Amino acid sequence: MSVKIPRGTQDILPGQSEKWQYIEKIAKDICRRYHYKEIRTPIFEHTELFKRSVGDTTDIVQKEMYTFEDRGERSLTLRPEGTAAVVRSFVENKMFGIPDQPVKLFYTGPMFRYERPQSGRYRQFVQFGVEAIGSEDPAIDAEVIALVMDIYKTAGLKKIKLVINSLGDAESRSAHREALINHFEPRIEEFCSDCQMRLKQNPLRILDCKKDREHELMASAPSILEYLNEVSKSYFAKVTAYLDLIGIGYTIDPKLVRGLDYYNHTAFEIMSEAEGFGAITTLCGGGRYNGLVQDLGGPESPGIGFAFSIERFIAAMEAEKIEWPVDNGLDCFVVALGDNAKDRSVSIVHELRTAGFSAERDYQDRKMKAQLKASDRQNARFTAILGEDELAENKITVKDMAQSTQDEVQLNDLVQYLKTKMEAK
Ligand code: HAM
């Protein structure tokens with residue numbers, strides 16, 4: 001029996017991988033405009049890092065991590081998300097000492113969560129994310145949100161909705177926590193065993209429970225917005241004022257809590273509202289995490305960021321039936337007939353490739369007709385045909401596939417000929 005791909009993972013084959021590259025290119029280009037620089041961190045980290053940042057009481061840490069012991073008996077974990085590692089690196093590399101703060105970073109790469117696979121939910125998925133660490137200016141919250149909205153807009157997505165909330169500062173959250181305990185405690189035995197544990201450890205997590213979502217106490221739970229102190233209220237007002245200023249529409253949802261523990265103040269998600277986009281509609285999640293740098297051993301350095309998965313991005317593009325820019329395939333396919341011409345075609349494709357063209361030849365010893373068909377299938381813009389007669393005269397016949405015209409060209413002039421033709425298009 002052949003070995004199959006692990007559950008919840010996927011192969012990205014040619015034809016699909018171009019879509020990934022396209023989205024990554026847009027995202028990187030927008031990051032350049034907003035002046036975010038790339039950071040690359042390891043795919044595995046010490047397990048402790050995620051316990052301390054994502055949080056001991058979250059589903060991610062309790063149920064979803066790929067944790068293993070290495071041969072040196074260290075507990076390591078395949079990263080379930082990117083923020084923890086970026087903040088670890090910020091501290092470890094003393095980026096807080098860089099004169100210009102915040103430090104603005106982006107990253108992309110595979111993340112791993114042992115979740116129940118379904119449409120839009122994988123065990124290995126690729127996130128693209130940004131983190132701006134070292135400023136508490138609400139303008140940076142608006143900037144980070146604007147950046148991701150810009151990426152979606154540039155890709156052509158229209159049916160998306162930005163939802164934001166404030167989780168407040170420590171004082172506001174502590175008041176809200178009390179209110180949540182008072183609200184749920186009298187009837188906590190009606191909730192799942194996880195929620196019963198969450199009540200005292202981290203009652204906010206109850207609002208994020210997938211099992212008890214429909215319980216009547218959920219809808220009537222106290223809203224964080226009622227418990228925001230003046231500082232938190234005015235911070236949130238400033239963030240929304242900046243969003244208004246730059247024309248970014250949003251909906252405030254006091255029930256938005258996010259599934260990771262490090263958040264405070266601004267929290268946001270972006271959903272797809274496209275018809276036919278599966279049950280999981282969240283495309284992107286992010287928020288502010290003041291205090292996380294300190295929790296991981298650094299000085300006070302407030303941060304904010306977001307991440308989206310490319311898998312869900314592509315699903316949203318397809319649900320909105322947005323056309324992918326077509327890849328033109330191949331510039332030139334060299335058809336060769338006879339042994340001498342075949343040998344010569346090796347150096348012809350090499351010259352073309354060195355000059356910057358994409359070029360291909362036959363490697364299956366096929367007849368002329370089959371080589372011409374291959375050129376057609378591979379969408380070549382030009383087919384260059386080299387027979388023994390042409391070779392004797394140092395010439396090659398070049399067919400323009402779209403125009404259905406052809407020219408005889410000196411072999412030495414082929415590169416220049418193709419350049420001129422391509423520029424004329
Ligand atoms: P998150 O909400 O856990 O946040 O994940 C962010 C995004 O990753 C989701 O909105 C979704 O697009 C994608 N995602 C998560 N799990 C899966 C999955 N199993 N399959 C496919 N896509 C998935 C974070 O990870 C935070 N680190 C975001 C952040 C950055 N907050 C501040 N900075």
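Here, each number is a calculation from the coordinates, and none is a lab measurement. What you see is a predicted model, and the numbers here were worked out from it, not measured in a lab. Don't worry about glycine lacking a Cβ; one is built from the backbone with ideal geometry, like all the others, and counts go over all protein chains shown.
Checking the Cα-Cα distances for Lys19/Lys238; Lys28/Lys421; Lys25/Lys399; Lys37/Lys63; Lys94/Lys233; Lys104/Lys153 against a 29 Å cut-off, the pairs over it are Lys19/Lys238; Lys28/Lys421; Lys25/Lys399; Lys37/Lys63; Lys94/Lys233.
Each principal axis of the Cα cloud of the chain was evaluated for its coordinate range; sorted largest first, these ranges are 93, 56, 46 Å.
Think of the chain as a dipole: +1 on every Lys or Arg Cβ, -1 on every Asp or Glu Cβ, centred on the Cα centre; then among His350, Tyr363, Val144, Tyr363 lies furthest on the positive end. Over segment 63-135, Cα pairs under 8 Å with separation of 6+ residues give a relative contact order of 32 percent. In a reduced charge model with +1 at each Lys and Arg Cβ and -1 at each Asp and Glu Cβ, the chain shows a dipole moment near 480 debye about its Cα centre. Sorting 383-392, 249-258, 139-148, 403-412 by their mean Cβ neighbour count within 10 Å, with the most densely packed peptide first, gives 139-148, 383-392, 249-258, 403-412. Rg over Rh for segment 39-187 works out to 1.00, both radii taken from alpha-carbon positions and Rh defined as the Kirkwood radius. Which is farthest toward the positive dipole end of segment 1-147 among Ser53, Thr108, Gln10, measuring Cα position about the Cα centre, with Cβ charges +1 (Lys, Arg) and -1 (Asp, Glu)? Working it through, the farthest residue towards the positive pole turns out to be Gln10. Candidates Leu283, Tyr66, Ile23 compared by Cα position along the dipole of the chain: farthest toward the positive end lies Tyr66, with charges placed on Cβ. Label positions at Glu178 and Arg71, each projected 7 Å from the Cα along the C-beta direction, are separated by 5.6 nm.
How much space per residue, in cubic angstrom, does the convex hull of the C-alpha atoms of segment 217-323 take up?
About 155 Å³ per residue, rounded to a whole number.
Summary of the geometry: segment 166-230 and segment 43-86, compared by the centres of their Cα atoms, lie 26 Å apart. Rounded to the nearest 10 degrees, the inclination of helix 414-424 to the longest alpha-carbon principal axis of the chain is 60 degrees. If we count every other residue with Cβ under 10 angstrom of Glu360's Cβ, Lys/Arg +1 and Asp/Glu -1, where does the sum land? Once positives and negatives cancel, what remains is 0.
Please label the shape of segment 329-425 as rounded, prolate or oblate, based on the square roots a ≥ b ≥ c of the eigenvalues of the alpha-carbon gyration tensor (a/c under 1.5 means rounded; beyond that, a/b larger than b/c means prolate, else oblate). Cα axes put segment 329-425 in the rounded bin.
Which angle between 0 and 90 degrees, to the nearest 10, do you get for helix 170-184 versus the longest principal axis of the chain when only C-alpha atoms count? So the helix axis and the longest Cα principal axis differ by about 70 degrees.
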